[in-house]
Amino acid sequence: MSEVNETEAGMVRPRLHIGLTGGIASGKSTVAAELSALGAIVVDADALSRAVVAPGSEGLRSVRESLGPAAIAADGSMDRAAVAKLVFADPEARALLNGIIHPLVRAEGRRLVSEAGPDAVVVQDVPLLVESGQAGAYDLVLVVEADPEERVERMVRDRGMTEDDARARIAAQATDEQRRAAADVLIVNDAGLEDLRRTTRRVWEHYVAPHLEGLTNGSNDGPDDGPDDGQTVRPMDGA
Ligand code: ATP
């Protein structure tokens, strides 16, 4: 595992830097909220990608310059629907937009991680962690996996998507196999929400707390064995 901030002069590394990922509507936010309740500082890539183009931001000014006034809604915010339409039809515009947003999100993420301080457990919720090849940047990669059919049902029921849109969103992301290959710990979200929260607490107990105790005892070795639960939490190779 590489040192996340090793090339960043002056950056403060957290005690444990966790990358959290999973396909769309797999349960990442639920796991992140529980990790936050346990004391982690959560840095949410989706929230950052909205914040860096908030009204009045340098990011939004760059978007306007690159994509034109059609990218801005009447209230001065980024017109997400218009921008989505623009970049869907035009790969060059997509590259321009990504070239603005991604560096700002990375910089803001680094700032928040550094600000969290040396004793923090930081969880970065990064939907496209595997797609963007970032797995090596974390001490521990947690992958949440859920049945694609369940995820489609949630997107249609709760987010007003059509079934075709929901399936297209899943198909555009990495596969479960690709995410598993990047995982240190796999959380299989195959029961209810309370089970998912309980599983997350077990992950903390078995994979996070020992690191914290180990460090105060002068050793940062993680546990050798996973939790006593073969069904919903699986340590992957190397965890
Ligand atoms: P996104 O990729 O869109 O950010 P996500 O991976 O963060 O989604 P969540 O927001 O945690 O996923 O979950 C998606 C929806 O599915 C939420 O409404 C959540 O409450 C629900 N959900 C997640 N897991 C379960 C479950 N085990 N049982 C019932 N509902 C669930």
If you scan the range 39-54, which residues turn out to be open to solvent by 50 Å² or more (accessible area, probe 1.4 Å), within 16 Å of the ligand (Cβ to nearest atom) and more than 12 Å from the chain's Cα centre (by Cα)? 50, 51
Would you confirm whether or not the range 129-149 contains a residue that is among the charged types (D, E, K, R), without any contact (Cβ under 8 Å) to a residue 24 or more places away in the chain and over 24 Å from residue 202 (Cβ atoms)? yes
Are any residues in the range 151-169 surrounded by 18 or more Cβ atoms within 10 Å (Cβ to Cβ) and aliphatic (A, V, I, L, M), and if so, which ones? 152, 155, 161, 166
Determine whether the range 160-180 contains at least one residue that is in contact (Cβ under 8 Å) with a residue 40 or more places away in the chain, in contact with a Pro (Cβ under 9 Å, 6 or more places away or on another chain) and not in a helix (DSSP H, G or I). yes
Counting only residues that are modelled with pLDDT of 95 or more and exposed (fewer than 14 other Cβ atoms within 10 Å of the Cβ), how many does the range 1-32 have? 0
Scan the range 122-139 for residues that are open to solvent by 10 Å² or more (accessible area, probe 1.4 Å) and closer than 13 Å to residue 208 by Cα and jot them down. 139
Would you be able to tell me the number of residues in the range 140-150 that are of a type in the set (Val, Ile, Thr) and either more than 9 Å from the ligand (Cβ to nearest atom) or open to solvent by 10 Å² or more (accessible area, probe 1.4 Å) (or both)? 2
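Residues 94, 64: which one is modelled with pLDDT of 95 or more, more than 20 Å from the chain's Cα centre (by Cα), more than 30 Å from residue 208 (Cβ to Cβ) and surrounded by fewer than 17 Cβ atoms within 10 Å (Cβ to Cβ)? Walk me through how you get there before you give the answer.
Details: 94 fails: modelled with pLDDT of 95 or more.
Going through 94, 64 in turn, the sole match is 64.
Yes/no matrix, rows are residues, columns are (1) away from the ligand (no atom under 14 Å from the Cβ); (2) surrounded by fewer than 17 Cβ atoms within 10 Å (Cβ to Cβ); (3) more than 15 Å from the chain's Cα centre (by Cα):
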{"position": "174", "(1), (2), (3)": "no, no, no"}
{"position": "177", "(1), (2), (3)": "yes, yes, yes"}
{"position": "200", "(1), (2), (3)": "no, no, yes"}
{"position": "203", "(1), (2), (3)": "yes, no, yes"}
Would you please name the residue that is nearest to residue 123 (Cα to Cα), looking only at residues in the range 17-31 that are over 9 Å from the mean Cα position of the chain (by Cα) and within 14 Å of the ligand (Cβ to nearest atom)? 31
Only one of (1) at pLDDT 95 or above; (2) closer than 26 Å to residue 124 by Cα fails for residue 80. Which number is that? (1)
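Being of a type in the set (A, V, I, L, M, F, W, C) and either over 28 Å from residue 137 (Cα atoms) or assigned to a strand (DSSP E or B) (or both) is true for just one of 24, 18. Which residue is that?
Only one candidate qualifies: 18.
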Cβ pairs under 8 Å, 6+ apart or interchain, first in the range 189-202 and free of Cβ contacts under 8 Å to residues at least 40 places away in the same chain, second not charged (D, E, K, R), ordered by first then second residue, are 195/232; 199/187; 199/189; 199/232; 199/233; 202/227; 202/233
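The values are calculated or read from the model by the stated rules, or taken from the named source; none is laboratory data. Quantities reported herein were computed from a predicted structural model and do not represent experimental measurements. All Cβ positions, even for glycine, are placed from backbone atoms using ideal geometry, and neighbour counts span all protein chains on display. Quick note on the areas: whole protein, heavy atoms, side chains included, nothing else; ligands and nucleic acids left out. Shrake-Rupley method; radii C 1.70, N 1.55, O 1.52, S 1.80 Å.
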